[in-house]
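First the structure, in the form of C-alpha cells, and then the observations on it.
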Amino acid sequence: MAAEPTAAPDRYLEVEGARLHYRDTGTGPAVVLVHGWTLDLEMWNPQVERLRDQFRLVRLDRRGHGRSSGSPGLQQDVDDLAALCRSLALTSIALVGMSQGSRSALAFAGSAPATVRALILDGTPDLQPGAAPSDLPLAHFQLLLRTQGIAAFRREWRAQDAMQLQTHDHAMQGLLGAMLERYDGRDLLDAGAAETPLMPAVSLAGITAPVLILNGEFDLDTRSTAADYLCTQLPQAERFLIARAGHLPNLDNPDDYADLCRTFLSRQLVGSTWR
C-alpha cells in the first residue's frame, strides 16, 4: 500500500473541537502538506519516501478526515495549521496544498505571510469571483450518503473523474482505496453542506510567497481553468503540468511530482532562515 520505508510515528495534537492526527518525518527545512477532500495524510507517502532526505515533512489529517476528529471547515483548517506550527515551533515553512487542501493552504498563507515562505498548489478549485461553489455534485452526494449510506457514496465517488488514477501501479491504487475507506462523510452530513461550498472563497490579496502551481496533464478542466486564473492573480507563480497524471498527480507520477517540488523548494530555501 505504498507504505513509508520506515513508518513515521502517529502523533496527536489536542485543539479546540478536535484531536488532530499528524506525522513528522525527515530533516531539513520544514514543509507542511495539506491533503484534499476525502483523502488523508497518507496521500503524501510517495513524497515522504522521495523527499525526506532533504526536508522535514509535516502532514496532518484535516478535521473529519483520516484519524482526526472534529468537523472540517476553512477557518478550522487555518486555526489547526497555526496550532500545529506553534506546537512544533515552526516559524518558517513551505506549504503544499492539494485540491480542497490548497484553499486551506492559501488561506493560511494569507493570514500568516511571515510564516509561509513558499507555496505549492496542486489541483486548486476555482477561486474566481462568482465561480460556482463547487465543481462537485455535493447535493447528490449528500442525498446518496443519507439514503444509501457511506458505502454507496464511496463507490460513486471512486468512479468520478477526479478519483481516476492514470497509473496502473497496484500500490498507488491500494493507497487511494484505503484512504477512501477511512473517509466517513461527516462534512456532507452537516446541515447545509450541499447548499454552501465545503470551502468558502479565499482572498489572494495577501499572498506574497513564491508559488508553484501544479496540475496533472489530464486534470479536470475546471482545475486547469482555476490554475489559469491563479497565474493571472499571482504574478510570482510558476506553473507546470505533470505528464501521465490526472487530478492526483502525486500518485500517478510520484517521481516527476517529487522532482518538481524538490527543485522549487530548494531554490526558495537558498539564503533563507528556516525551521
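The values are calculated or read from the model by the stated rules, or taken from the named source; none is laboratory data. Quick caveat: nothing in here was measured; it's all calculated off a predicted structure. All Cβ positions, glycine included, derive from the backbone under ideal geometry; neighbour counts span all protein chains shown.
Being touching a strand residue (DSSP E or B) at 6+ places or on another chain (Cβ under 9 Å), of a type outside the set (Phe, Trp, Tyr), in a loop (DSSP other than H, G, I, E, B) and buried (at least 23 other Cβ atoms within 10 Å of the Cβ) is the requirement here; does Gly36 meet it? Taking the combined requirement at face value, the residue satisfies it.
Among the residues of region 73-84, some residue qualifies, meaning at least one is hydrophobic (A, V, I, L, M, F, W, C), under 14 Å from Thr115 (Cβ atoms) and crowded, with 24+ Cβ neighbours inside 10 Å. In region 130-177, what residues are of a type in the set (Asp, Glu) and within 16 Å of Trp37 (Cβ to Cβ)? Result: Asp135, Glu156, Asp161. When restricted to residues that are in contact with a Cys (Cβ under 7 Å, 6 or more places away or on another chain) and of a type in the set (Ser, Thr, Tyr), region 1-60 contains 0.
Which residue is surrounded by the fewest Cβ atoms within 10 Å (Cβ to Cβ), if the candidates are limited to region 172-186 and must be at pLDDT below 95 and assigned to a loop (DSSP other than H, G, I, E, B)? Restricting to residues being at pLDDT below 95 and assigned to a loop (DSSP other than H, G, I, E, B), the top hit is Asp184.
Return a yes/no flag: does region 44-65 have any residue that is closer than 19 Å to Asp184 by Cβ, modelled with pLDDT of 95 or more and surrounded by fewer than 21 Cβ atoms within 10 Å (Cβ to Cβ). Within region 44-65 (the criterion being closer than 19 Å to Asp184 by Cβ, modelled with pLDDT of 95 or more and surrounded by fewer than 21 Cβ atoms within 10 Å (Cβ to Cβ)), the answer is no, since none of the residues qualifies. Of the residues screened, Ala139 is not one that is under 30 Å from Ala30 (Cβ atoms) and touching a residue at least 24 places away in the same chain (Cβ under 8 Å). Can you find a residue in region 151-171 that is among the polar types (S, T, N, Q), modelled with pLDDT of 90 or more, farther than 30 Å from Gln236 by Cα and in a helix (DSSP H, G or I)? No; the residues of region 151-171 include none that is among the polar types (S, T, N, Q), modelled with pLDDT of 90 or more, farther than 30 Å from Gln236 by Cα and in a helix (DSSP H, G or I). Tallying residues that are buried (at least 24 other Cβ atoms within 10 Å of the Cβ) and out of contact with any helix residue (DSSP H, G or I) (no Cβ under 9 Å at 6 or more places or on another chain) within region 107-125 yields 1. Can you name the residue in region 228-249 that is hydrophobic (A, V, I, L, M, F, W, C) and in a strand (DSSP E or B) and is also surrounded by the most Cβ atoms within 10 Å (Cβ to Cβ) among such residues? Among residues in region 228-249 that are hydrophobic (A, V, I, L, M, F, W, C) and in a strand (DSSP E or B), the one surrounded by the most Cβ atoms within 10 Å (Cβ to Cβ) is Ile242. Being modelled with pLDDT of 95 or more, under 21 Å from Leu269 (Cβ atoms) and surrounded by fewer than 23 Cβ atoms within 10 Å (Cβ to Cβ) is true of Leu88.
Condition (residue is assigned to a loop (DSSP other than H, G, I, E, B), within 18 Å of the chain's Cα centre (by Cα) and at pLDDT 95 or above) applied to region 250-262: is it met by at least one residue? Checked against the condition, which is being assigned to a loop (DSSP other than H, G, I, E, B), within 18 Å of the chain's Cα centre (by Cα) and at pLDDT 95 or above, region 250-262 yields at least one hit. In summary, Leu143 fulfils each of the numbered conditions (1) surrounded by 18 or more Cβ atoms within 10 Å (Cβ to Cβ); (2) closer than 22 Å to Arg158 by Cα; (3) of a type in the set (A, V, I, L, M, F, W, C) with the single exception of condition (1).
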